[in-house]
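Below is one structure, written out as structure tokens, with a few remarks after it.
Every number here is computed from the coordinates shown, using simple stated rules; none is lab data. None of these values were measured; they are calculated from a predicted model. Don't worry about glycine lacking a Cβ; one is built from the backbone with ideal geometry, like all the others, and counts go over all protein chains shown.
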Amino acid sequence: MSNVPVAVVTGSNKGIGLAIVRALCKQFPGDVYLTSRDSDRGQAAVAQLQQEGLRPLFHQLDIDDLQSIRALRDFLKEKYGGLNVLVNNAGIAFKVHDTTPFAVQAEVTLKTNFFGTRNVCTELLPLVKPYGRVVNVSSMVSSSALGGCSQELQQKFRSDAITEEELVQLMTKFVEDTKKSVHEKEGWPNTAYGVSKIGVTVLSRIQARLLNEQRKGDHILLNACCPGWVRTDMAGPKATKSPDEGAETPVYLALLPATADAPHGQFVSNKTVRAW
Ligand code: NAP
């Protein structure tokens, strides 16, 4: 088994994820795994970084596929006995003018952004070693969508006592409410992406709390963040940040020094803790 520190970035064949891998290859003292649901796209991205003189490693990972997640988990367990840095970056967004029915957009978006990210956490968080760092890439849209929720929902999502099961029930209810076209009446905002990212931010707050309760002495720091508005296939060419600039906050959180005890359980943008 290797004692080399290991970092994993989900959805890193392009966009912000690829830029996070690039930065980690330069700054993280260990093995860095570029992962992709499609092995060809992943290998092409590895080749691109190799051309820049970097040495990322590759592992397949589709966060929608539990078998794929578990294969990565078993690989990490066997080769490294765990992992040191996990960046949950993979995500999807329908384009604003996409005509896919809203209920379908809700189901598909929540499936990857919330349920897929949660499944990765369920399988990989137990493997995170002491002084590990976990970064869940959310969005400022999670904050604006929170503001668009009913008072009752806002209270639940801001609660310091909400459980993971309650959060899963709420995310499931959103999808069901969109199918019955009652989501606005039920207090939800009209954004599937926004609700999925509320899920990511709240999940991060819950996970950080559980780490405090169950692994206090392990000094693991886990946060959600927004990369900013970044020129990628998702956000388009008019966005203000380059992918490398978008990677800065996630990489800052992934590389918080061993002496740091904060931020933890926070929502961070531009390397600054934001109110939730
Ligand atoms: P992007 O260019 O569309 O890249 C998304 C990445 O996620 C791709 O590598 C994609 O793989 C991967 N992915 C999607 N579904 C996956 C799955 N089921 N399993 C594994 N990988 C999957 O988007 P981006 O702008 O870099 O976004 C990265 C993260 O930042 C997302 O979580 C996004 O919500 C968040 N974010 C972006 C912005 C922005 O302005 N760009 C702002 C706030 C937050 P494929 O190539 O196979 O599709």
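A few points about this structure:
- Debye intensity ratio I(q)/I(0), log10, region 5-156, q values 0.08 Å⁻¹ (C-alpha model): -0.25
- For region 50-139, the direction-averaged projected area of the alpha-carbon convex hull comes to 8.0 nm².
- Annotation: average projected area of the chain is 14.0 square nanometres, based on the convex hull of Cα atoms across all directions.
- Share of pairwise Cα-Cα distances greater than 29 Å in region 119-276 is 21 percent (whole percent).
- Qualifying trypsin sites (Lys or Arg not before Pro) for region 175-205 [loop in DSSP, other Cβ within 10 Å: at most 14]: 180, 185
- When region 142-232 is reduced to its Cα atoms, the Kirkwood hydrodynamic radius in Å: 14.2 Å
- Positive minus negative residues near residue 165 (Lys, Arg vs Asp, Glu; Cβ under 15 Å): +3
- Maximal additional length on extending the residue 185-residue 274 stretch stands at 29.1 nm, based on 0.36 nm per residue less the C-alpha distance.
- Listed by chain and number, the lysines placed with their C-alpha closer than 17 angstrom to that of residue 95 are 111, 197, 238; residues fewer than eight positions away on the same chain are left out.
- For residue 233, net neighbour charge (Lys/Arg +1, Asp/Glu -1) across residues whose Cβ lies under 11 Å away: +3
- Anisotropy class of region 186-276 from Cα gyration tensor, a/c 1.5 cut: oblate
- Of all lysines in the structure, the ones whose alpha carbon falls short of 20 Å from that of residue 185, not counting any fewer than 8 places away in one chain, are 156, 173.
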